[in-house]
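Take a look at the structure set out below.
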Amino acid sequence: MLYTILLVDDEEGIRKILGLSLRDLGYTVYTAASGEEGIELFNKYEPEIVLTDIKMPGLSGLDLLDTFKFQAPDTEVIMITGHGDMELAIQSIKRNATDFITKPINEDALEIALKRAHERIDMRRQLNQYTCDLERLVDEQATQIVEQERQLAALQIAEGFADGLRTIVSNIDGGSMMFNQLPCFVSVHNANSEIISSNPLFNERIGPATGKPSWWAYKENDTHRPDSSPVERVLLSGDAQSSQEFITDKNGNKLPVQVNAVPILDNDGTIELVLELAADMTAVQNMQEELRITRHRYQQLFEESPSYISVQNKDLKIIANNRRFREDFGSSLGKSCYKLYAHRDTPCTKCPVMKTFEDGKPHQYETVITTKTGEQRNVLIWTAPICDVEGNIAEVMEMSTDITQLRALQDRLSTLGLLLGSTAHGIKGLLTALDGGIYRLGTGIKMDKPERVLDSFNDLTLLIDRLRKMVLDILHYAKERSLNWEVIILPNFVREIENIIRPKADARGVTFKCVAPEDGTIEADYSGLSSALVNILENAVDSCEASRSTAEYCVEFSVCTDGKTVDFTITDNGTGMTQETREKLFTLFFSSKGAAGTGIGLFVANQTVQQHGGTISVASEPGTGSSFAVHMHAVLPDHLKKEISEATG
């Protein structure tokens, strides 16, 4: 094995010639022109052998020798000296240099010095290996000695235990009361599988057993096997046995028992006796069965509850849920409740689960959630903490009761006053505006100013339309009315709606496009359907106005029919909606306009379309606008008309 050599000499010729010779011998060689450079290369490459000139400018060879031996004592350093440096060469040997060679360098002397360095390195490595092997052998021997001592101690304990058991057996034979008070069946068996003694509890419950075979208490049938009892298994294996068994009492009843059978050895290590202890597990099994039934009962209550029940951790992840929950929300374990219920990316602002984690108290909250099929549910949520054994809140149970039908019934009574109150201010404003319009109309007539009269007339017409729409929405909600079915000519119907919407769109700077079919009819309630479509169109215009910027905004109303169905499509490039807003869009009193909206327009529109046997679907994303698609029958079948009429009273 050849090594790495560092050659340090201030003479370039020696570095080149000697370096070439060393490389020819197969060494990896690094050369340095000064002591400082030599230290830098030594630290970088960590060579096994160093050849250095004794006399150099700056750091001398002796300085390098001291430095290298301090940093790496095992480094072999060969000194290069001149004929007049013999005294310095001797000093280097005293400082643990490996050898020295004189200039001019003789190849044989160089090889001898290198061979000596090799031998010292190999000898040191062998010594280290021998030392490691010796330490390993010492560790192994020490481990064996410790293990032997442990086995000896265990043997002494076992012998002491066996002596104690033998004493106990003799005490039982002698009528001692030592085991009489033990609440288990105790029996002693000999090596021939015979019971030689038993405690009073055994005799009372199982029957007198002395002289009976060891398997006697385990008699399930007349067939006997060599391993029919724990005692016989001890005699076969030589090891202690622990198992759950059934024994038969003197009345023929089977008793579940936990049996422990241990061998008792004589001085030669042969099994002399076997001690068997059997604990009656009847009470334990009864408690386990009661616990199982109780758990099953509570699991049934949890699973069969008509409410949605979930258990959530501190990250608001669902870790358990009941059957009703899974049916309406699907596989939800590990999912966030706010994403599952409301399709939000962040927790709800009034999250009752978070409040319970914070203060440890139950909380109540009412909201609207969406099932996996897109159905909306009004729910009343109750939360309760679940604590660990130390009293810390580990999870929170959330129970949500579906109150959709109850809320629908209550809304007809309790929210009518709220509706009237919320619209009273709007009606008051309209009345004030009507007063102003009438005044301007009167002064225009009195002053004979036709332009003021016309302007006032247009304002009054617009105000009356707004007032009519508001009142009709309130009446529609307050009392469902029967539909007045009639055949509507689609081109005329679309133009009339266009005449209502276009002025409003133009006033707000929104482009309104209308695409009507060339012909076609639909059987519907004219005023109801017109009001529903106008509500959606006005919301589309408002959406564009709310998103006002330098962009151009547009609302498009298109109608198409194939004679069987009619599709009304309303699209805009306004603000758009989040999924949570889309799902609550047709909920009563829900408005994305804040104080500017009553939250009944789209609710009424959806109710009207459903009364006609139609559907409304919405596609929208924030910042990309919205699209409403109203799909209806051109002619509703009579049986559907009858069902709708019966449903609306």
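General remarks:
- Checking each residue in region 47-95 for being over 21 Å from GLY19 (Cβ atoms) and assigned to a loop (DSSP other than H, G, I, E, B) picks out ALA72, PRO73, ASP74, HIS83, GLY84, ASP85, ARG95.
- For region 266-347, the helices (runs of 4 or more DSSP H) that sit wholly inside it and include 2 or more residues that are closer than 27 Å to LYS584 by Cα are 323-329, 337-342.
- Condition check for TYR27: under 22 Å from ASP122 (Cβ atoms) and in contact with a Leu (Cβ under 7 Å, 6 or more places away or on another chain): yes
- Which listed residue, of THR367, THR401, is within 19 Å of LEU585 (Cβ to Cβ) and part of a strand (DSSP E or B): THR367
- Beta carbons closer than 6 Å, at least 6 apart along the sequence or on distinct chains, pair a first residue in region 11-37 that is assigned by TED's automatic domain parsing to the domain that holds ILE80 with a second that is of a type in the set (S, T, N, Q) for ARG15/THR31; GLY19/THR31; THR28/THR4.
- Flag if PRO57 is more than 60 Å from the chain's Cα centre (by Cα) and not charged (D, E, K, R): yes
The values are calculated or read from the model by the stated rules, or taken from the named source; none is laboratory data. In this text, all values refer to a predicted model and were calculated from it rather than measured experimentally. Using ideal geometry, Cβ is built from the backbone for each residue, glycine included, and neighbour counts are taken over all protein chains shown.
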